[in-house]
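K.L.:
Take this structure, written in structure tokens, and hold onto it; I'll ask about it next.
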Amino acid sequence: MASEHQAISQHQVEQEETTIDLAELFYRLLDKAKFIIVAALLGAIIAFCVTKFFMTPMYQASAKLYVLNSSGTSLNLSQIQLSSSLASDYVQVFDNWHVHEMVKRRLNLDYTYAQMGKMISVENPANTRILKVTVQSDDPQEMALTYVQVAREFIAAKMDMDMPTIFEEPQLPTRPYSPSTMKNTVLGFLLGLLLMCGIVVVQFLADDRVRNADKLEKQLGLATIGMMPVQSYDLSREHKNGKEGK
């Protein structure tokens with residue numbers, strides 16, 4: 001029973017110490033609030049400047065193809081169903097390295113096939129014969145238009161099919177798709193805030209100096225007899241009093 005009571009008491013003491021440490025940590029952060037705010041603002045300013053002046057803005061543009069497996073005016077249900085199936089197949093055309101190579105040559109690009117594959121995305125909405133080709137780059141309008149033109153030629157030459165029709169050409173984008181200046185500025189603010197808070201916490205945990213009687217009693221297990229207040233000592237006044245005494 002004595003050992004169990006001792007263990008309970010020790011656990012209560014540890015909980016009390018933890019609570020006091022957290023309180024001290026809170027006051028340490030509060031005391032360093034000026035530096036934390038400055039670090040957060042500095043992080044926001046750096047993120048804003050990097051985003052605004054050093055990152056290349058990327059834009060987004062889309063073009064649409066209409067897939068129809070007949071050049072005549074009369075269509076039947078089987079032709080419409082086949083055109084819907086072909087629309088799904090044509091999605092894979094835009095992932096072909098031959099298509100990427102033809103676009104590179106026409107626009108004189110120095111991207112790799114992997115980079116170009118990440119710039120382009122193709123969607124085929126359900127129950128439609130439409131392909132939506134979206135390009136994200138610093139010049140997406142020209143790339144999107146070139147991709148759909150090359151894809152039409154590739155389909156006609158390699159797949160022996162009628163060329164899909166371009167019924168919506170890409171528009172010139174008016175604002176960048178990425179990066180987001182506002183988002184990066186907020187992230188920079190939070191990063192500066194967390195970084196400075198982390199520095200304060202590390203300094204707090206590494207600081208083993210005794211600052212009050214309670215901490216001395218916890219660390220050494222000795223009760224304090226008394227405390228002497230800190231007093232400032234004015235040397236100039238003492239020197240003046242010495243002269244007057246002479």
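K.L.:
What's the extension gain from D89 to A126 if we count 0.36 nm per residue and subtract their Cα-Cα distance?
P.N.:
This chain segment gains 12.0 nm when fully extended.
K.L.:
Quick one: grab the alpha carbon gyration tensor of the range 21-69, order the square roots of its eigenvalues as a ≥ b ≥ c, and give me rounded if a/c is under 1.5, else prolate or oblate depending on whether a/b is larger than b/c.
P.N.:
Oblate shape, in that a/c is at least 1.5 and b/c is the bigger or equal ratio.
K.L.:
Another one. Per residue, how large is the accessible surface of the range 85-205? Use a 1.4 angstrom probe and give square angstrom.
P.N.:
Value returned for the range 85-205: 61 Å² of accessible area per residue.
K.L.:
Find out how many positive minus negative residues lie around V201, taking Lys and Arg as positive, Asp and Glu as negative, among other residues whose Cβ is under 14 Å from that of V201.
P.N.:
Net charge in that neighbourhood comes out at -2.
K.L.:
Counting only protein heavy atoms, what percent of the accessible surface of the range 155-203 is carbon or sulfur at a 1.4 Å probe?
P.N.:
Looking at the range 155-203 in its full context, I get 64 percent from C and S.
K.L.:
Indicate the gyration tensor shape class of the range 122-170 (rounded, prolate or oblate), computed on the Cα atoms with a ≥ b ≥ c the square roots of the eigenvalues: a/c under 1.5 is rounded; otherwise a/b larger than b/c is prolate and the rest oblate.
P.N.:
Working: a/c = 2.25, a/b = 1.28, b/c = 1.76.
Verdict is oblate for the range 122-170.
The values are calculated or read from the model by the stated rules, or taken from the named source; none is laboratory data. Just so it is clear, the model here is predicted, and its values are computed rather than measured. Ideal geometry is used to build each Cβ from the backbone, glycine not excepted, and the neighbour counts take in all protein chains shown. When the accessible area is computed, the model is the full protein with side chains, heavy atoms only, and any ligands, DNA or RNA have been set aside. Shrake-Rupley method; radii C 1.70, N 1.55, O 1.52, S 1.80 Å.
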